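The values are calculated or read from the model by the stated rules, or taken from the named source; none is laboratory data. Here the structure is a predicted model, which is why all the values come from computation and not from measurement. Don't worry about glycine lacking a Cβ; one is built from the backbone with ideal geometry, like all the others, and counts go over all protein chains shown. Accessible surface is based on the protein model in full, side chains and every heavy atom, while ligands, DNA and RNA are left aside. Shrake-Rupley method; radii C 1.70, N 1.55, O 1.52, S 1.80 Å.
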Amino acid sequence: MRVLVIGGIVIDIEGSPNHKLLYHDSNLGKIKIKSGGVGRNIAENMCKLGVDTSMLSYIGNDEMGHAAVDGLIAMGVDTSHIFVAPDRRTAMYLSILNHENDMELALNDMEVIKEITIDLLKEHMEYIRSFDIILLDANLEEEVLVYLCENLKDKKIVCDTVSAAKAVRVKSILKYLYAIKPNALEAEILTGLEIEGEEGVMLAGKKLLELGVKKAFITLNKDGVYYIDENDSGFLRPRENLKILSATGAGDSFTASIIMGLTEERPIKEIAKLGMAAAEITMESADSVSGFMNRESVLERGKLNDR
C-alpha cells in the first residue's frame, strides 16, 4: 500500500540542561538543531519501517528547509509535492528538556504550513487520491483537514493530533478517521470527557468509536497505551527499566508503526505492540528519529512475526 503524509516539515531546536533547570536564568547545557516536524518525522520513520512513503508539505526558501527535503530524498521519500514558499521561513520548533530528558517547555512557529490551502489541494487532488492511506497531522488548518476528509471518504485516513492545542482542530473530522493516536489530554479534548484512571481511559476510547473513529490508540506516557476497535481493546504497558534519553519523537514513531500495521492489515493489538516497540526504541535514543529504527528491530521488540 502507498501512503501519503500531509503535514509539517520543521526545524527542531532542542536544548537539554546539564542539571536541574533553573528558571529565569541561563542554564548550562547542550543545543541541537535538526530536521523534524510531526509529519516529516512520521515519514522518516515509515521509510525506516519499509513503508512506501510520499509527502506533501511546504518549506521556506532557506538553507535549513532545503536540507530537510534533501534528507527525505536520501531516505527514499517521494518529495515531488513538497513546495517552496519564497517569502516565508521554514517552520521551527524550539523545545527545552528537563534534567530527566522530558520536554519542559516548547514554542513553535508553523506559519508556513498555512501555505497548504484548499486551493492547493484542489489542484493536486488527483495525486492525493492515488494513495491508499492518508496521514494528516493537525498542524494543518481545520478547514483544510475538513476539506481533505470530505473528499477522501473512501480512503483510510489517519490523524496525529500533534498537541492539546492542535487537537481542537480534529474534533470536526473524527467521523471520517480510520485511526487516531491522541494522548490522554488530547483524548479529553476530543471526547469532552474527563479521564481519571483506567476506567476513564476506556470510556474515552469507547466514545471515540461512537464519534466515528474505527481504531483508537490513547497513549499514556509511562503507563503505556490503550487500544480499541470494534473487535478488541486493552492496555499495553512499557517494559520496566527503560532507559530514556529523550521522549521527543516517540509519538511520531508510534504513529508510523500504526501505518505500518495498517498496510499489513494486522489486528489492533499487534499494531499497538508495534507502536509501543517503536516508541521505546525512539526514547532510548537522543534523536527524535532513532538510528536503530528499522522493521526488524520493531518486530523483534514487539515479539511479532514478519509478514
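Express the relative contact order of the stretch 172-307 as a whole percentage, based on alpha carbon pairs under 8 Å and six or more residues apart in sequence. Taking the mean separation of contacting Cα pairs over the length of the stretch 172-307, I get 19 percent. Can you pull out the GluC sites (Glu not before Pro) in the stretch 53-121 that DSSP calls coil and that have at most 11 other Cβ atoms within 10 Å? Listed in order of number, the matching sites are E100.
Kindly identify the stretch 236-307 as rounded, prolate or oblate by the Cα gyration tensor criterion: order the square roots of the eigenvalues as a ≥ b ≥ c, call it rounded if a/c is under 1.5, otherwise compare a/b with b/c, prolate if a/b is larger, else oblate. In terms of gyration-tensor shape, prolate.
With the full set of protein chains in place, find how many percent of the accessible area of the chain is carbon and sulfur; take the probe as 1.4 Å.
For the chain, the apolar C and S fraction of the accessible surface comes to 49 percent.
Would you calculate, for the chain, the mean residue ellipticity at 222 nm contributed by helices, counting each DSSP H stretch of 4 or more residues as -39,500 (n - 2.57) and dividing by all residues, to the nearest 500?
Values: 11 runs with 107 residues, N = 307.
Here the helix-only value at 222 nm equals -10000 deg cm²/dmol.
Among bridges DSSP assigns within the chain, what percent are antiparallel (round to 5)?
Working: 22 of 53 bridges.
Bridges in the chain that DSSP calls antiparallel: roughly 40 percent.
Here the contact order of the chain, divided by its residue count and restricted to Cα pairs under 8 Å and six or more residues apart, works out to 16 percent.
Solvent-accessible surface of the chain, averaged per residue with a 1.4 angstrom probe and all protein chains in place: 46 square angstrom.
For the stretch 154-266, what value does the Rg/Rh ratio take when both radii are computed over Cα atoms and Rh is the Kirkwood radius, given to two decimals?
On the way: Rg = 13.5 Å, Rh = 14.3 Å.
For the stretch 154-266, the value is 0.94.
The simple spin-label model puts a point 7 Å past each Cα toward its Cβ; for A67 and R2 those points are separated by 3.2 nm.
Report the full-extension gain for the segment L107 to E199: residue separation times 0.36 nm, less the Cα-Cα distance, to one decimal in nm.
Working: separation 92, 0.36 × 92 = 33.12 nm, distance 3.31 nm.
That works out to 29.8 nm of additional length.
Of the cross-linked pairs K171/K214; K166/K214; K20/K181; K122/K166, those separated by over 19 Å at the C-alpha level are K166/K214; K20/K181; K122/K166. Of the trypsin sites (Lys or Arg not before Pro) found in the stretch 224-300, the ones in coil according to DSSP and having at most 11 other Cβ atoms within 10 Å of their Cβ are R239, K243.
In a fully extended conformation the segment linking L22 and L242 would gain 76.5 nm over its present Cα-Cα distance, using 0.36 nm per residue. For the stretch 33-43, the Karplus equation 6.51 cos²θ - 1.76 cosθ + 1.60, evaluated at θ = phi - 60°, returns couplings of 10, 7, 6, x, x, 4, x, 5, 4, 4, 4 Hz by residue, with Gly and Pro reported as x. Cα centroids of the stretch 264-279 and the stretch 167-233: 16 Å apart.
Taking the chain on its own, what percent of its Cα-Cα pair distances exceed 35 Å? When every Cα pair of the chain is considered, 13 percent fall beyond 35 Å.
Taking amide H as placed 1.01 Å from N in the peptide plane, the amide H of H99 sits under 5 Å from that of L21, each at least 5 places away or on another chain. A cut-off of 5 Å between modelled amide H atoms, ignoring neighbours fewer than 5 places along the same chain, links I11 with G36, A91, M92, Y93.
Secondary structure note: in the stretch 152-307, about 60% of the DSSP beta bridges are antiparallel.
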